[in-house]
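Colleague: Dumping the structure here so I can ask a few things about it.
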């Protein structure tokens, strides 16, 4: 992944917002969605790079931290999606094709984890797919 430490950490923070937005698209975050995100972080995101936070922890855990913080503070899913979109537009050159596929795979896994995809999730996933193709 081509990035600086600062931008890399911001990517993970914004991915936390994005994945929260996907889970919250139907106005409720389900436990299965949280579990699926946590398993994807451990199975895939930790292997993306060697970036660590200031405490020596893999920076990919920022995804989980920001997701949890967003959930605890009942943030608006559209606002969180818009935050990711703004970050992406400012930094899209740093995301490899592999990272874009991993983002879509993670988002789809989250939305499929509880009773399949609903209309609100499908709309948000469609917007995300179009955004990542820009």
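Computed from the coordinates by the stated procedures, all read-outs in this text should not be read as laboratory data. A quick note: this is a predicted structure, and the numbers were derived from the prediction, not measured. Counting neighbours? That spans all protein chains shown, and the Cβs are built from the backbone with ideal geometry, glycine included.
Colleague: Compute the angle between helix 31-43 and the longest alpha-carbon principal axis of the chain, please, reported from 0 to 90 degrees and rounded to the nearest 10.
Modeller: The angle comes out near 20 degrees.
Colleague: Then there's this: For mean projected area of the Cα convex hull in nm², which listed value, [x] 7.3; [y] 8.7; [z] 9.9, comes from the coordinates shown?
Modeller: [x]
Colleague: Related question: In nm, give the distance between the simple-model label positions of residue 134 and residue 86, each being 7 Å from the Cα along the Cα-to-Cβ direction.
Modeller: For the pair residue 134/residue 86, the computed spacing is 1.3 nm.
Colleague: What full-extension length gain, to one decimal in nm, is calculated for residue 127 and residue 112 as 0.36 nm per residue of separation minus the Cα-Cα distance? Before the final figure, lay out the partial values.
Modeller: Values: separation 15, 0.36 × 15 = 5.40 nm, distance 1.67 nm.
The span from residue 127 to residue 112 would gain 3.7 nm if fully extended.
Colleague: Rounded to the nearest 10 degrees, what's the angle between the helix 119-133 long axis and the longest principal axis of the chain, both from Cα atoms, 0 to 90?
Modeller: Compared with the principal axis, the helix lies near 30 degrees.
Colleague: Angle, helix 61-72 long axis vs. longest principal axis of the chain, Cα atoms, 0 to 90°, nearest 10?
Modeller: So the helix axis and the longest Cα principal axis differ by about 40 degrees.
Colleague: Now a separate question. Going by how many other beta carbons lie within 10 Å of each one, how would you line up 88, 20, 44, fewest first?
Modeller: The fewest-first ordering by Cβ neighbours comes to 44, 88, 20.
Colleague: Also, I was wondering about something else. With each label point set 7 Å from Cα along the Cα-Cβ vector, what nm distance links residue 46 and residue 69?
Modeller: In this crude label model, residue 46 to residue 69 measures out at 2.2 nm.
Colleague: In deg cm²/dmol, rounded to 500, what helix-only [θ] at 222 nm does the chain give when every DSSP H run of at least 4 residues adds -39500 (n - 2.57) and the total is split over its residues? Write out the running numbers ahead of the final one.
Modeller: Details: 6 runs with 91 residues, N = 134.
Only helices count here, giving -22500 deg cm²/dmol.
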